[in-house]
Every structure is written in structure tokens, then in C-alpha cells.
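Chemist: Before anything else, here's the structure in question.
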Amino acid sequence: MNTKQTSYSEKLRDPRWQKKRLCVMQRDGFACRDCGDKKSTLQVHHCYYEKGGPWMTDERFLLTLCQPCHEERGELEADGKRMLGMIFANAENYVQYSPLLQFVTSMSQHCDKRSVELRVVDDDVIQDAINFGRGFCQATKAPNE
């Protein structure tokens, strides 16, 4: 029985990842999707990881980025995941955060695959998310604030 786990750096050398990485860079014109840099060393960033190797992730969740943008985006996404985790951990029930889920779903449904610009067309969904945020903040404030 082989119990040896493959390290992430070994997975990044896998031909399946190298092929997908090249496809993503070609799709993005060998330029950073955030700042447009074409001269720096470029990396492919996972906005989402599928279980298995890095090559398992759908190309919609992969972006070509320069090192500074890769670091910034990683920090931003980690903060976003932490915030969502806090919301979900403190929501009393599914109904309480339903407006947030509707807002996020609406954003993703109206996102053009080739653009980082998000377009939300339903003002009621936005207002519901704002109201959710206000209510959530009020509900989670410490009594002495």
C-alpha cells in the first residue's frame, strides 16, 4: 500500500497542471488579469480548488497573475472566506442569510466569463443584501458597543 502523499510543489510539476496552466496563460494573453503586466514572471492563481490535483479545477476559477497581484488577491480572498465563515457561523438559521446567498448567486449568474467586472441587474437583491448586512451587524455587536 502506497501511503506517500504528493507534495503541492510536486503536483505543480505534473504534466496535467503544466498543460492547464499554459491554456490559462494563453487565454489571458500572457498578461496579469489584474494589472496587465506582461513582463514579470506570471503565475496561475486558483480562486477555488477542486479536490484532487490543481489540474482538476475548472478554468473559470483560474487567473493569470503577476507575483504582487497574486499575493494581494490571495489575501483578499482569504479575508472574504473568513468573513463568509463568520457570517455562516453566526447566522441563526438558513433563512437569516438567504438574502446574502441570493445576492452572491445573482452576481455569479451575471458575471461574464472573460471579465472580472460583475454586473448585478436586480436592485431588490442588492437592497436585500444591504438590509441583511445591517441586521447581521446589529445582531452580532457586543452588548457594550
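The values are calculated or read from the model by the stated rules, or taken from the named source; none is laboratory data. Because the structure is a prediction, the values reported are computed rather than measured. Cβ placement follows ideal geometry from the backbone for every residue including glycine, while neighbour counts extend to all protein chains displayed.
Chemist: Could you list, in sequence order, all residues of region 32-64 that are surrounded by 13 or more Cβ atoms within 10 Å (Cβ to Cβ), under 19 Å from Q5 (Cβ atoms) and of a type in the set (G, A, S)?
Modeler: Scanning region 32-64 gives a single hit, G53.
Residue by residue, here is whether (1) in a loop (DSSP other than H, G, I, E, B); (2) closer than 11 Å to V24 by Cβ; (3) of a type in the set (V, I, T) holds:
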residue: S40; (1), (2), (3): yes, no, no
residue: V44; (1), (2), (3): no, yes, yes
residue: K51; (1), (2), (3): yes, no, no
residue: L63; (1), (2), (3): no, yes, no
residue: P68; (1), (2), (3): no, no, no
residue: E71; (1), (2), (3): no, no, no
residue: E77; (1), (2), (3): no, no, no
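So that you can scan it fast, the table gives a plain yes or no per residue for (1) in the same structural domain as G74 (by TED's automatic domain parsing); (2) touching a residue at least 12 places away in the same chain (Cβ under 8 Å):
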site	(1), (2)
S7	no, no
C23	yes, yes
S40	yes, yes
E50	yes, no
